[in-house]
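The values are calculated or read from the model by the stated rules, or taken from the named source; none is laboratory data. All values reported here derive from a predicted model rather than from experimental measurement. Cβ coordinates were reconstructed from backbone atoms using ideal geometry, including for glycine residues, and neighbour counts include every protein chain displayed.
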Amino acid sequence: MTAASEAPGHFDTLSKDEEAKLKEIWMHMLRFWGTPVTVSEQRPAAQSRSSTKASLNGSLSEDKPKKKKFGFLRKGKKSHSSHSEEQELALTTTRTRESIESGYTHKMIHESLKDLQPDDIYKNFWEFLRTDTPDNLMLRFLRARKWDTDKTMAMFSSTLHWRAKESNVDQLLWEGDLKPFQEDANSGFILQLKLSKAYFRGVDREGRPIVVIRPRLHHANEQTEKDLERYTLLVIEICRLVLQEPVDSASIIFDMSGFSLANMEYAPVKFMVGVFEAHYPESLGRLFIHKAPWVFPPIWNIIKNWLDPVVASKIHFTKNLKDLEKHIENKWIPKDIDGGDQFQPTWIEPNPEDDKLMLDTETRDKIKKEREELVQQFIDATVRWIESTNDEENNKWREEKRKLGKALAANYIRLDPYIRSKNNFDRMGLWRMLPWQSTKINTHTEVFKCPSTARMEISRVIRQFQDPSLKATDVLSEVDHLPIREQGLSSNDLVILIGVLTDASSALTSGQRSRIIRSFLYFKGQVPKECVYMICSSLGNSITSKKKISHGVQSALLTWLIAVYAFIEPEVIDRIYGLLFNYLEYSYIRPQVAHLLFLATKRHHVTEVRINRLLKLHQKSSSEHIIALALSYREYKYQDILDTFPRVKSSVFRHPDEMYLNELIKLRGGDSSAVKQELMYMDQFSTQLKRRKQQSAFNRINYRPSTSTMCLQNVTNTAEFVQCLDTLELSKDWGLVLGDSSNFSLILLALRHDPHELQGLNNWIAVLLRDFLFTPRSQQRTLLENLQRYVLFTGEVPSAVLEFLLNNEDVSSLIKEHGSFIWSFFETLGSSNMNDLESLVDKYNKSCFNWEISCICEYLESLARLLRRAFEIGDQVSRFSAILHSVIRSIPKILQVTQYSGVVGLSVIGFIRFFQTVKNKDTLRVEDIVLPQSIIYTLLFMDNPVIFSEVCSHLNFCKSILKDAEPSVEVTALTNLHNSYVVDICNLTWRNKAFELGKNSQTACGLSLAFTSSFANNFPLFDSHSNFRSLFNLHHAPAFASITARILRQIEDNEPECETRHEGPLTATSVVELLESEDSKWLTTDYESLRVDILKELGKLGYVGLADLLFSHLKSLVDKR
């Protein structure tokens, strides 16, 4: 790799002429700032240059009196009141136009600087540096203007003025995203950061940092032009922070995969091009436009006219991974474009804790003072370099300038965390993404002092365990230095670590694995189910075909599961209970397995088979853990197990490491409700064990239930339930009633239908739902599962649940987390809950635009099931019809806000199809089934063949309903509208009359002939056979073009005499040309017959709706089916 600084035109490779040009630029700037500079062969004695603290306003002429001396730099303000005051680099002066011109003649100040204020330009120049050196910054502008000093000064002064007075770019960088986020978390600027439209990752083969830009995430209506300009400037300024000699330019990857015209907006592109060329010259290394789609060339023809030829020469179009790998190693190419880099940019909310260093004004002022001294020394060295009269002196001060320039860059790196608020790039671990920035890592980011960045750093190191090129032992040494106990592991990090621990092929020794378990498994949130499953699958003895981890590590992992049981979702252990029970056969892990089973056991786990196996295990090898587990079983089936047992230690099932547990609680901020419940359960069991008396035998005894009043918890089967139905007592604990997995309690509750019991249960549910959003997710799910079972058995939704659904403001989160339960309650509502149902639908219709796509699809599916059942029953049809119309009115906006997602489009089609599934067609009204134009045409132009065909299918269904409807003015109007839809589809797909406005057309698809003619004149046609009105038929339209082309290939393949392929979309002219050609043998059919054959094949492929519509409505096709 050739260092950038070794390239021509850089400070270490300047020719004599180039060095003279640089001196000239510096002389203009220094004189403008009031620093005396002479270019005579010998420096005048009157101009003492022992220190730059000498007079700034000294005259070049000895006969002019000297001005009063003053220091170069004022002291920085020590207040911490605002970003604008606290983050200035304290490089302010008292230079004014009058003070400068009193020392120099007007001609000595360059023309480009005459309208500017020296104080502003001086301050902005030294702030502009960042990690750049002053000479390198000047040389960027000189190279960009081909070493023309006048043009360079014009460009440089324009940039400094733009930074000082127009862009406010320094303030933008310094305030980060905390302040904008606090002001408006949903602003367009914050949205850019949340979407990560641009991010930094890795380097190219020349060592330049890479910026990945993803245009597919951009949509013009989501932010203002100002928001986008702010984001663009922030990305550029952040990029400048990571540029440091010898690397002084960056490479950009425009990932064009998934790009469409909907993502194109010219204004921000023009802004970015203009800013780069005018104010950030020589900063672009290479720009890769990767996988540009077919719609991009016309766009590029416009953009390239805005580009400087030098910039245009740095742009490369890459079509595939191989092209990109010529310039970038595979490990730094994002996985989105088939590369090996698994990194995915994420949005991490700003935290004031990240900017704690900015409150340390003492350290900040100390570093600022050092910077002031370095600036003074650099200016002094620059003056001496300009005034040098021989090569030896010139080289001496040139080397001094080089050292001071690097010192200034290093000084800014130290100063940065004290003056600049963090942004999302920092929190994503920007500095760790650049492998050659290792020096900058330790001095600049102070990673572990920033919680968000520390978490990103932990994730980065943990992910290295998945890199086959790295040794696990080397990664482990790096893990030792991570603040895991303070920050905790994320769920993904925990899964990776457990995967390494359970991987028998890993190079880690048993001791190293045990150390990881003891020292590094500190995490927040719940234990992912993948961790539990991986540990369970790693248990057992090694066999020839599959190696297992050591017995000691197996035991340690199970002990860890016991220690964190309070943070495991109950259903996870429930699913593998049987597997765990089988592991009791292994004596070396029997204590841990028995402990886990003890914690997880519920009524449905206790079966006669398992009781017998416990007895056999006890007889085979007496174990106090087996006895204690059997005792816990007795709580559910005491008739099958002896009342007393041999004495066992009361501490047999105690928590293995309460100190570790307390650290986990502290890491979570003190939330320990689940832990307290678990420890209480163990303490109660320990108390029971203390009361037991020793008995020598461990045998089964027969037990017959009493014929007196019986507790429902003792019922074990349906026959017993029916036999004792009259004597059963319902538990007073409503939690036990709802949580009864045997369902006997709910059946008994439904059979009794006691108003007092139902009201009591409803009140209890209301209390639980009041704090629903503040309870752990596992408890939320358990409650909803129990309520779902209640609704299933009783057929009623409790009023407390309805009130909760109607009054909950955070609908989006509730639907996202528990949508399946919400929809089950929703669908249970019927005509008896009409008011509540209407209110819910109205609420969801207004809020669904902010939901995730999957939630919107589930909502539409649920509505379809609800309405189908309602129309089949036929009760209160008019009110259900009003609900239907309210949903239909919201569908166009749903499609719009989801960017016309194909998934949502298919869900809309699924919703519409419910009409056809209603068995009682008499309940369907004409005004319900004929959909508005906004839905029909939006679906037709979504370029999805399935959606298009299903719309046709719906229109075919509407035809049969309209035909049987009683004549009326409304029916006639709806029939005309329906017919207009059909005519438009026939014109689009078959007649080559797209957008033709018929005499009685009522649709928005019809456009005037004048408009379509003028539009057609400028429309880029595919070939000479196409015209504007034919571009939407079956052979041209994006929805069907590829399918019909494939069918045509099959027809050609099936014709033995055919030796020629038809190229491009099928047209009447192209068919005639092939048939009349003497040089090619093609099909023997004509154009119309061929189109009919293709349409028939479309019907066979499943696009029945389209085929039916055309065959049944076009006279030319009626007899050809």
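Checking each residue in the stretch 596-610 for being without any contact (Cβ under 8 Å) to a residue 60 or more places away in the chain and in a helix (DSSP H, G or I) picks out 596, 597, 600, 605, 608, 609, 610.
Of the residues screened, residue 554 is one that is part of a helix (DSSP H, G or I) and at pLDDT 90 or above. Among the residues making up the stretch 191-217, those that are touching a strand residue (DSSP E or B) at 6+ places or on another chain (Cβ under 7 Å), under 19 Å from residue 335 (Cβ atoms) and not in a strand (DSSP E or B) are 197, 204, 214, 215. Of the residues making up the stretch 769-804, those that are among the hydrophobic types (A, V, I, L, M, F, W, C) and part of a loop (DSSP other than H, G, I, E, B) number 1. Note on the stretch 358-397: among residues that are of a type in the set (Val, Ile, Thr) and part of a helix (DSSP H, G or I), the one that is nearest to residue 412 (Cα to Cα) is 367. The set of residues in the stretch 937-946 that are within 28 Å of the chain's Cα centre (by Cα) and under 11 Å from residue 909 (Cα atoms) contains only 939.
When you look at residue 190, is it touching a residue at least 24 places away in the same chain (Cβ under 8 Å) and of a type in the set (A, V, I, L, M), yes or no? Spelling it out, it is not the case that residue 190 is touching a residue at least 24 places away in the same chain (Cβ under 8 Å) and of a type in the set (A, V, I, L, M). Could we say that residue 757 is assigned to a helix (DSSP H, G or I), more than 35 Å from the chain's Cα centre (by Cα) and in contact (Cβ under 8 Å) with a residue 12 or more places away in the chain here? When the stated conditions are applied, residue 757 passes them.
One line per residue, one yes/no per condition, for (1) farther than 18 Å from residue 560 by Cβ; (2) in contact with a Lys or Arg (Cβ under 9 Å, 6 or more places away or on another chain); (3) acidic (Asp, Glu):
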residue: 477; (1), (2), (3): yes, no, no
residue: 481; (1), (2), (3): yes, no, no
residue: 484; (1), (2), (3): no, no, no
residue: 487; (1), (2), (3): yes, yes, no
residue: 491; (1), (2), (3): no, yes, no
residue: 498; (1), (2), (3): no, no, no
residue: 506; (1), (2), (3): no, yes, no
residue: 512; (1), (2), (3): no, no, no
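Annotation note: of 323, 336, 355, 416, the sole residue that is touching an Asp or Glu at 6+ places or on another chain (Cβ under 8 Å) and either part of a helix (DSSP H, G or I) or surrounded by 21 or more Cβ atoms within 10 Å (Cβ to Cβ) (or both) is 336. Taking each residue of the stretch 394-409 that is more than 17 Å from residue 137 (Cβ to Cβ) and looking for partners that are of a type in the set (Phe, Trp, Tyr) and buried (at least 18 other Cβ atoms within 10 Å of the Cβ) with beta-carbon atoms closer than 6 Å, six or more apart or interchain, yields 397/385. Residues that are out of contact with any helix residue (DSSP H, G or I) (no Cβ under 7 Å at 6 or more places or on another chain) and under 13 Å from residue 27 (Cβ atoms) within the stretch 380-394 comprise just one, 387. Hey, can you tell me all the residues within the stretch 456-467 that are closer than 22 Å to residue 351 by Cβ and in contact (Cβ under 8 Å) with a residue 60 or more places away in the chain? 456, the sole residue that qualifies. Taking residues in the stretch 245-273 that are within 30 Å of residue 11 (Cβ to Cβ) and touching a residue at least 24 places away in the same chain (Cβ under 8 Å), and partners anywhere that are outside any loop (DSSP other than H, G, I, E, B) and polar (S, T, N, Q), the pairs with Cβ atoms closer than 9 Å and at least 6 places apart or on different chains are 245/5; 245/136; 246/5; 247/5; 248/5; 248/136; 253/318; 272/232.
Per-residue answers, yes or no, for (1) assigned to a loop (DSSP other than H, G, I, E, B); (2) surrounded by 17 or more Cβ atoms within 10 Å (Cβ to Cβ); (3) in contact with a His (Cβ under 6 Å, 6 or more places away or on another chain):
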| residue | (1), (2), (3) |
| --- | --- |
| 1060 | yes, no, no |
| 1064 | yes, no, no |
| 1071 | no, yes, no |
| 1078 | yes, no, no |
| 1082 | yes, yes, no |
| 1095 | no, yes, no |
| 1108 | no, yes, no |
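Of the residues 888, 856, the single one that is touching a Cys at 6+ places or on another chain (Cβ under 7 Å) and touching a residue at least 40 places away in the same chain (Cβ under 8 Å) is 856. As for the stretch 159-181, it holds no residue that is in contact with a Lys or Arg (Cβ under 6 Å, 6 or more places away or on another chain), among the polar types (S, T, N, Q) and assigned by TED's automatic domain parsing to the domain that holds residue 121. The combined condition, being of a type in the set (A, V, I, L, M, F, W, C), modelled with pLDDT under 90, assigned to a helix (DSSP H, G or I) and buried (at least 17 other Cβ atoms within 10 Å of the Cβ), is not fulfilled by residue 259. Tallying residues that are in contact (Cβ under 8 Å) with a residue 24 or more places away in the chain and part of a loop (DSSP other than H, G, I, E, B) within the stretch 279-298 yields 8. Applying the condition of being among the β-branched types (Val, Ile, Thr) and more than 12 Å from residue 552 (Cβ to Cβ) to the stretch 505-528 and asking which residue is modelled with the lowest pLDDT yields 516. Quick check: anything in the stretch 340-357 over 30 Å from residue 217 (Cα atoms) and in contact with a Ser or Thr (Cβ under 8 Å, 6 or more places away or on another chain)? Looking through the stretch 340-357, at least one residue is over 30 Å from residue 217 (Cα atoms) and in contact with a Ser or Thr (Cβ under 8 Å, 6 or more places away or on another chain).
Checked against the criterion of being part of a helix (DSSP H, G or I), buried (at least 16 other Cβ atoms within 10 Å of the Cβ) and at pLDDT below 85, the stretch 805-812 contains one or more residues that satisfy it.
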